[in-house]
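Colleague: My questions all concern the structure below.
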Amino acid sequence: MLKARAYLRRQRPDLAERLVPAQDYRPGEWAVLKPLLALYGLWTLRGIKAEERKRSL
């Protein structure tokens, strides 16, 4: 979800300001692949700037 929020902030900053908290994870969802997908997600996040990393709540 962090990548999605950063993408939205780049495309529509006005819309990103209206984001509300939501459940980012559902237990059991992709349970077997979750560790590998988490590592891949962290690797792809290295290109996101610090100001884009803050959560809009």
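Colleague: All but one of (1) over 10 Å from the mean Cα position of the chain (by Cα); (2) open to solvent by 100 Å² or more (accessible area, probe 1.4 Å); (3) touching a residue at least 24 places away in the same chain (Cβ under 8 Å) hold for R53, so report the exception by its number.
Modeller: Going through the list (1) over 10 Å from the mean Cα position of the chain (by Cα); (2) open to solvent by 100 Å² or more (accessible area, probe 1.4 Å); (3) touching a residue at least 24 places away in the same chain (Cβ under 8 Å), R53 breaks only (1).
Colleague: Next up: Could you tell me whether any residue of the range 23-31 is in a helix (DSSP H, G or I) and either open to solvent by less than 100 Å² (accessible area, probe 1.4 Å) or modelled with pLDDT of 80 or more (or both)?
Modeller: No, the range 23-31 contains no residue that is in a helix (DSSP H, G or I) and either open to solvent by less than 100 Å² (accessible area, probe 1.4 Å) or modelled with pLDDT of 80 or more (or both).
Colleague: Which residue out of L19, L45, L37 is open to solvent by less than 100 Å² (accessible area, probe 1.4 Å), in contact with a Leu (Cβ under 8 Å, 6 or more places away or on another chain) and part of a helix (DSSP H, G or I)?
Modeller: Exactly one residue qualifies, and that residue is L45.
The values are calculated or read from the model by the stated rules, or taken from the named source; none is laboratory data. Given the structure is predicted, the values throughout are model-derived calculations rather than measurements. Note that each Cβ is placed from the backbone with ideal geometry, even for glycine, and that neighbours are counted across all protein chains shown. All accessible areas refer to the heavy atoms of the entire protein, side chains included, with ligands and DNA or RNA removed. Shrake-Rupley method; radii C 1.70, N 1.55, O 1.52, S 1.80 Å.
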